[in-house]
Amino acid sequence: MSTFMTIERFIIEQERKHPQASGALSNLMYDMALAAKIIARETTRAGLVSDVVGGVSHKTNPTGDRQYKLDVFAHDVIYKMNDHTQRVCVMASEEYEDIVPIPEEFEIGDYVLIFDPLDGSTNIDVNVSVGTIFSIFRKVSDAPRGTLEDCLQPGKQLVAAGYCVYGSSTMLVYSTGNGVHGFTLDPSVGEFLLSHPDIKIPNKPRYYSVNHSYESYWTPGVQRYVRWLRDDTPAESPKLSLRYIGSLISDFHRNLLLGGVYVYPGNLHDPKHPDGKLRLLYETAPLAFLATQAGGYASDGYGNILEIQPHELHQRTPLFIGNRHLVEKAEEFIQQYDRAWIDAYLPRRNKTPSFT
Ligand code: FBP
């Protein structure tokens, strides 16, 4: 369904429901929509202009992943869109080791902007959908400028989160705590038009998404859970079909619209990253906020991702996200079969952050 409701008009109408609103959050959402349009323009022609955006930039990001030129381009677009607007007090990007301060020459604002400029970037050169993930907190520290403390907030304190998926069409999906809404970019007019109002995860799930090649690295509870998802066990199995693109945003987006669960468990055989590959601040917390707003749930296998107090910028968490009953079942299997993993994981999960 397409209406001529542009994202700008929709944001204004949402803002009218909050008479005390300053308009800063609305403007920050506009800026993210504009940044998404610019990144979308480059993703659609990545194969043509490899010297600018296609391929590897031979640099690595803070967690050792190879950086793609489009990663760096997307980071710069979002940074430059927000460093001078007096709406943001600090940023944090998956592509940067430390917090990204607002230049001293600019006034700061009340919001904290966290973003994964281009998730799934390893898929760029093979024309598989990629995405930008962003989330917004309020400033909590009483420091004159934004700080690490302002970035290390639990997901339950988010005021907004969203993503843009650059696929067969470009879609921006976001929530400010009043439901989840999807907008499709109409390139002929360059506008994001409301196409998916008030998205709710369908009660009857269809798919599960997991990289089966890691099965031998999973805990016994996770192995049993994934077998249960696909029909290896007695009657109550949901008999889901497997879909795994290897691009978190694309897998999440499909399951959000059609029902299902995305699973990226911890890895018993990876001492460097026992809690998997996905980052709490940039990936799992913002998607948990959206899934919960759409009637779903997100867990790290032990409990609600939105309750986790981050203790470092690039902290990772296992992720089970989608239909609530499917994710709760994962917690059940893990409680029943993975006591050893829980005992090893909790000290990492409950580490106290140091903001210095
Ligand atoms: P990046 O943030 O480095 O892009 O990694 C995240 C990601 O690419 C997800 O989009 C995807 O779901 C996952 O990694 C794929 O990982 P794997 O290849 O281990 O299945």
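The values are calculated or read from the model by the stated rules, or taken from the named source; none is laboratory data. On a predicted model such as this, the values are computed, not experimentally measured, just so you know. Positions of Cβ are backbone-derived with ideal geometry, glycine not excepted, and every protein chain shown enters the neighbour counts. SASA here: full protein model, heavy atoms, side chains in, ligands and nucleic acids out. Shrake-Rupley method; radii C 1.70, N 1.55, O 1.52, S 1.80 Å.
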- Note on the structure: Dividing the mean separation of Cα pairs under 8 Å (6+ apart) by the residue count of the chain yields a relative contact order in percent of 14 percent
- Query: Expressed in nm to one decimal, what extension gain is obtained for the pair residue 212 and residue 21 from 0.36 nm per residue of sequence separation less their Cα-Cα distance?
  - Reply: 64.1 nm
- Per the C-alpha gyration tensor (a ≥ b ≥ c, the square roots of its eigenvalues), region 146-216 is rounded if a/c is under 1.5, else prolate if a/b beats b/c, else oblate; here it's oblate
- Query: Of all DSSP beta bridges in the chain, what percent run antiparallel (nearest 5)?
  - Reply: 80 percent
- Query: Assigning unit charges at the beta carbon (Lys, Arg +1; Asp, Glu -1) and nothing else, what dipole magnitude in debye, to the nearest 20, does region 207-349 show about its Cα centre?
  - Reply: 240 debye
- For the pair residue 143 and residue 242, what calculated FRET efficiency results from E = 1/(1 + (r/R0)^6), where r is the Cβ-Cβ distance and R0 = 45 Å, to the nearest 0.05? 0.40
- Between residue 227 and residue 83, what is the spin-label point distance in nm, taking each point 7 Å from the Cα along the Cα→C-beta axis? 5.3 nm
- Task: Using 0.36 nm per residue of separation minus the Cα-Cα distance, give me the extension gain between residue 128 and residue 269 in nm, one decimal.
- Result: 47.9 nm
- Quick one: dipole size for the chain, taken about the Cα centre, charges +1 on Lys/Arg Cβ and -1 on Asp/Glu Cβ, in debye to the nearest 20. 940 debye
- Item | Spatially proximal lysines relative to residue 69 (Cα-Cα < 19 Å; intrachain offsets below 8 disregarded) | 37, 59, 80
- Which angle from 0 to 90°, rounded to the nearest 10, does the C-alpha axis of helix 339-349 make with the longest principal axis of the chain? 20 degrees
- Note on the structure: For region 199-285, shape from the Cα gyration tensor axes a ≥ b ≥ c, cut at a/c of 1.5 then a/b versus b/c, turns out oblate
- Task: Give, to the nearest whole percent, the P(r) tail of the chain beyond 25 angstrom, counting all Cα pairs.
- Result: 52 percent
- First check a/c for region 7-196, with a ≥ b ≥ c the square roots of the eigenvalues of its C-alpha gyration tensor; if it is under 1.5, answer rounded, and if not, answer prolate when a/b is larger than b/c or oblate otherwise. oblate
- For the chain, what does -39500 (n - 2.57) per DSSP helix run (n ≥ 4), summed and divided by total residues, give at 222 nm, in deg cm²/dmol to the nearest 500? -9000 deg cm²/dmol
- Task: Using amide H atoms built 1.01 Å from N in the peptide plane, name the residues 5+ places from residue 192, or on other chains, whose amide H lies under 5 Å from its own.
- Result: 7, 186
- Item | Using alpha-carbon coordinates, inclination of helix 7-16 to the longest axis of the chain, degrees | 90 degrees
- C-alpha long axis of helix 69-82 to longest principal axis of the chain, angle in °: 50 degrees
- Item | Positive-end residue, the chain charge dipole about Cα centroid, Cβ charges, pick of 342, 106, 259 | 259
- Given a 1.4 Å probe, how much area per residue of region 150-242 is accessible, in Å²? 41 Å²
- Message: Considering only protein heavy atoms and a probe of 1.4 Å, how much of the accessible area of region 207-349 is carbon and sulfur, as a whole percent?
- Response: 51 percent
